[in-house]
Amino acid sequence: MMRVALMFVLMTCASVAHAQDAGQPGWMTADTVSTRFPGEKLVGQSFTSGTQVTVVVKDGDQVRVTNGDKFGWVPAASVTATPPEGAASQPPIQVNLGPAGAVPQ
């Protein structure tokens, strides 16, 4: 029982450590083509240098980022928390898909 409790505590701490960057603004440091899944080769969205993104989650040397309806996994080294010179931080873009089951008029 003690081992189960210890495993639970360790897993909780690891989850919190991975989530600490979640929702944080970042900026792309180079033109980067993302992948759809971490560790995979399936090409995702492209992000240009200087683009503001939101870091969703960090997993090792990869981060999942979003910018509006664009998302993907990129190398953590290609994202910085420091905005480019002269760039104003913008709030993350919110996409409103409307209520579930809504029919367009």
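Worth a mention:
- Between VAL79 and THR29, the built amide H atoms are under 5 Å apart, and every one of these is 5 or more places off in sequence or on another chain.
- Principal axes of region 21-80: Cα extent on each, largest first, Å: 25, 21, 21
- Using the average count of surrounding beta-carbon atoms within 10 Å as a protection proxy, the listed peptides 36-49, 72-85 rank, highest first, as 72-85, 36-49.
- With both labels modelled 7 Å from their Cα along Cα-to-Cβ, the ALA30 to SER49 distance reads 1.0 nm.
Read-outs: derived from the displayed coordinates by stated rules, not from any lab. Model, not experiment: these values are computed from the prediction. Please note: Cβ atoms are built from the backbone with ideal geometry, for glycine as well, and neighbour counts cover all protein chains shown.
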